[in-house]
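We did not get these values from a lab; they are worked out from the coordinates using the rules stated. The shown structure was predicted, so the numbers you read here are calculated from the model rather than taken from an experiment. Positions of Cβ are generated from backbone atoms using ideal geometry, with glycine treated the same way; all protein chains shown enter the neighbour counts.
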Amino acid sequence: MILKCENISKHYGLFKKPVLANINLSLDEGKKMILTGTSGSGKNTLLKILALIDLSFKGKYYIDDKNVNKIDPSPLRKKISYVYQEYGLLENESVYENIKLGILYDNLSKAEINSRCEKILKLLELDGFHKRRVNLLSGGQRQRVALARAIIRDSES
Ligand SMILES: Nc1ncnc2c1ncn2[C@@H]1O[C@H](COP(=O)(O)OP(=O)(O)OP(=O)(O)O)[C@@H](O)[C@H]1O
Ligand SMILES: [Mg+2]
């Protein structure tokens, strides 16, 4: 995918000062980008726009030359993963139930879901934790569950 932002600006509600003002960037297929900035400078605000979680912004955002505000973003959303800074985990559910959410709407067989979960748990050194409730995990373990949920779609069994 090729991402391109033209003059992206973002205001939250009635707050006068924009959090983002005229952001321009482009990111080619296969390239990596690191976003840095002081606390509160708008990194997550921009990332949520890039991940199509927030579509209320000014300016233009193109994915593969398509203006995301002019198309149905649902198919593109399936191709983008996002790890929430606060993780956004279901606290009273197991590691397995949380990770499974990453492929909830992918119409996979139960066997495929199980085998993907198993693989990703191994990869992120969480094997043995699949039945553990998330609110009984350490900070680093929770972080890896959030990451697993984000990348499980790209994994194959
Ligand atoms: N939903 C919201 N409504 C109103 N203001 C918000 C909202 N979300 C974030 N903000 C404000 O927008 C600014 C940017 O927030 P954002 O989360 O993008 O910052 P950040 O760069 O990721 O910060 P940090 O490094 O602390 O995680 C902050 O001043 C924050 O208070
Ligand atoms: Mg942040």
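A simple rule links phi to the HN-Hα coupling: the Karplus curve 6.51 cos²θ - 1.76 cosθ + 1.60 with θ = phi - 60°, which for the stretch 11-22 gives 10, 9, x, 8, 4, 6, 7, x, 7, 10, 9, 6 Hz, with x for Gly and Pro. The residues neighbouring VAL95, those whose beta-carbon lies less than 11 Å from its own, together hold a net charge of +4 under the Lys/Arg +1, Asp/Glu -1 convention.
Residues whose amide H comes within less than 5 Å of that of ASP54, counting only those at least five positions distant or on another chain, are ILE49 (H built at 1.01 Å from N in the peptide plane). Database remark: amide H of ILE2 closer than 5 angstrom to the amide H of ASP64 (H placed geometrically; neighbours at sequence offset of 5 or more, or on other chains; Pro and chain starts carry no H).
Scanning residues 5 or more positions from SER9 or on other chains, those with amide H under 5 Å from its amide H are ASN22, ILE23, LYS58, GLY59, with H placed 1.01 Å from N in the peptide plane. With a cut-off of 12 Å between beta carbons, the residues surrounding PHE57 carry a summed charge of +2, where Lys and Arg count +1 and Asp and Glu -1. Taking K and R as +1 and D and E as -1, what net charge do the other residues with C-beta under 12 Å from the C-beta of ILE113 add up to? Spelling it out: positives minus negatives among the neighbours equals +1. For LYS122, the lysines whose Cα falls under 22 Å of its own Cα, not counting residues fewer than eight places away in the same chain, are LYS100, LYS110, LYS131. Counting only Cβ charges, +1 for Lys and Arg and -1 for Asp and Glu, the dipole size of the chain around its Cα centre is about 400 debye.
In a DSSP loop and with at most 16 other Cβ atoms within 10 Å, the trypsin sites (Lys or Arg not before Pro) in the stretch 55-157 are LYS70, LYS78, LYS79, LYS131, ARG132. Within the chain, the longest run free of chymotrypsin sites (Phe, Trp or Tyr not before Pro) that sit in a DSSP loop with at most 13 other Cβ atoms within 10 Å is 16-104.
Measuring r between the beta carbons of GLN85 and LYS31 and using R0 = 30 Å, the FRET efficiency lands at 0.85.
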